[in-house]
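One structure is given here, and the rest of the page talks about it.
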Amino acid sequence: MAKTNLRLQLQVIDNNTNFDNIMIGSSYFNDDVWDIRPFITAKRTKKSRKYLRFEYIESQDMKQAVK
């Protein structure tokens, strides 16, 4: 069985960071739903547990802080 070697590509985020270019799993930072399936290798994990949802957060400032 081959293992997938995924590494997080960390980068410094400051006031000049363009969030449009930052990838989280198979999604972009500014997306309201992040597809993090590439990071979850357990086969028994439900599909619904492989997404992070931010669409319920109404305040854009709070959403940015949570992300």
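Of all residues in the range 52-67, those that are surrounded by 14 or more Cβ atoms within 10 Å (Cβ to Cβ) and under 15 Å from the mean Cα position of the chain (by Cα) total 4. Can you find a residue that is surrounded by 10 or more Cβ atoms within 10 Å (Cβ to Cβ), modelled with pLDDT of 90 or more, in a loop (DSSP other than H, G, I, E, B) and out of contact with any helix residue (DSSP H, G or I) (no Cβ under 7 Å at 6 or more places or on another chain) anywhere in the range 21-31? Yes; the residues of the range 21-31 include at least one that is surrounded by 10 or more Cβ atoms within 10 Å (Cβ to Cβ), modelled with pLDDT of 90 or more, in a loop (DSSP other than H, G, I, E, B) and out of contact with any helix residue (DSSP H, G or I) (no Cβ under 7 Å at 6 or more places or on another chain). In the set 44, 49, only one residue is surrounded by 10 or more Cβ atoms within 10 Å (Cβ to Cβ), among the basic types (Lys, Arg) and either within 11 Å of the chain's Cα centre (by Cα) or not in a strand (DSSP E or B) (or both); that residue is 49. Cβ-Cβ contacts under 7 Å between residues 6 or more apart (or on different chains), taken from a first residue in the range 31-46 that is touching a residue at least 12 places away in the same chain (Cβ under 8 Å) to a second residue that is loosely packed, with under 14 Cβ neighbours inside 10 Å and of a type in the set (A, V, I, L, M), are listed as 38/6; 39/6.
The values are calculated or read from the model by the stated rules, or taken from the named source; none is laboratory data. Treat the numbers as computed from the prediction; the structure is a model and nothing was measured. All Cβ positions, glycine included, derive from the backbone under ideal geometry; neighbour counts span all protein chains shown.
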